[in-house]
Every structure is written in structure tokens, then in C-alpha cells.
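Taking it in order: structure first as C-alpha cells, then the write-up.
What follows is calculated from the coordinates using simple rules that are stated; it is not laboratory data. In this text the structure is predicted, and so the values were computed from the model without any measurement. Positions of Cβ are backbone-derived with ideal geometry, glycine not excepted, and every protein chain shown enters the neighbour counts.
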Amino acid sequence: MPEPEERRAPMRTSDNTCDLRGMRVDEALEEVDRFVDRFLGAHIDEAGYVLHGHGTGALKRAVRDHLTLHGHVVSARPATQQEGGDAFTVFWVRD
């Protein structure tokens with residue numbers, strides 16, 4: 001099986017996307033944790049998306065750093081243009 005960075009992410013839907021736009025960093029990271037937990041609980045073996053937007057970049061950096069260090073996230077990367085571009089981060093969880 002290809003590494004997550006090499007796998008194509010599934011089509012983005014409201015079920016696999018966490019929208020953080022307008023949130024402060026602290027509340028956004030709590031929401032990301034809840035979203036990752038939901039993926040784990042549902043045994044979803046696909047990518048999840050986090051929509052942080054562009055803004056100043058503070059939320060984007062915090063989310064990407066947080067996902068990279070998260071114990072249940074095997075990989076996280078910026079979304080490709082086809083996946084929605086740099087306003088999104090794509091992640092995969094451990095099974």
C-alpha cells in the first residue's frame with residue numbers, strides 16, 4: 001500500500017472536512033482533536049480534510065504542526081490544487 005503522502009485523498013465532503021475558519025487557534029485545535037477522534041471511532045480508512053483558510057497563516061501553521069505531532073495521525077500534508085489548495089490540510093489516521 002502506498003504511503004499516505006503518495007495516496008490520493010478521497011473527494012472532499014462535509015463528512016470528511018473540518019471547517020475551522022473564523023476560530024481562534026486554541027478552539028480550532030480542540031475541534032481538530034474531536035474530528036480526528038471521530039475518524040478513529042468510525043474506523044475511517046481515508047483521508048480527512050481540515051479547512052483553515054489562508055488568513056495570516058497562524059491557524060494553518062498551528063493546525064499542520066498539531067496534526068504532525070498528533071499520536072493518531074500517521075501523516076498530514078498541504079492539500080494539492082485538485083484537493084482544494086493550500087487553504088486545506090489533508091491527514092490520515094492510524095488504524
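I'm trying to understand the selection: among the residues of the range 45-79, which are among the polar types (S, T, N, Q) and without any contact (Cβ under 8 Å) to a residue 12 or more places away in the chain?
Step one: list which residues in the range 45-79 are among the polar types (S, T, N, Q), which gives 56, 68, 75.
If the condition is that a residue be among the polar types (S, T, N, Q) and without any contact (Cβ under 8 Å) to a residue 12 or more places away in the chain, then Thr56, Thr68 are the ones that fit.
Scan the range 17-29 residue by residue and report those that are part of a helix (DSSP H, G or I) and either within 13 Å of the chain's Cα centre (by Cα) or β-branched (Val, Ile, Thr) (or both).
The answer is Val25, Ala28, Leu29.
With respect to Val63, is the statement that it is of a type outside the set (Phe, Trp, Tyr), touching a helix residue (DSSP H, G or I) at 6+ places or on another chain (Cβ under 8 Å) and assigned to a strand (DSSP E or B) true?
In short, no.
Would you tally the residues in the range 40-82 being surrounded by 19 or more Cβ atoms within 10 Å (Cβ to Cβ) and under 19 Å from Asp15 (Cα atoms)?
10
Kindly evaluate Val74 against the criterion of being β-branched (Val, Ile, Thr) and in contact with a strand residue (DSSP E or B) (Cβ under 8 Å, 6 or more places away or on another chain).
Considered against the rule, which asks whether it is β-branched (Val, Ile, Thr) and in contact with a strand residue (DSSP E or B) (Cβ under 8 Å, 6 or more places away or on another chain), Val74 comes out as yes.
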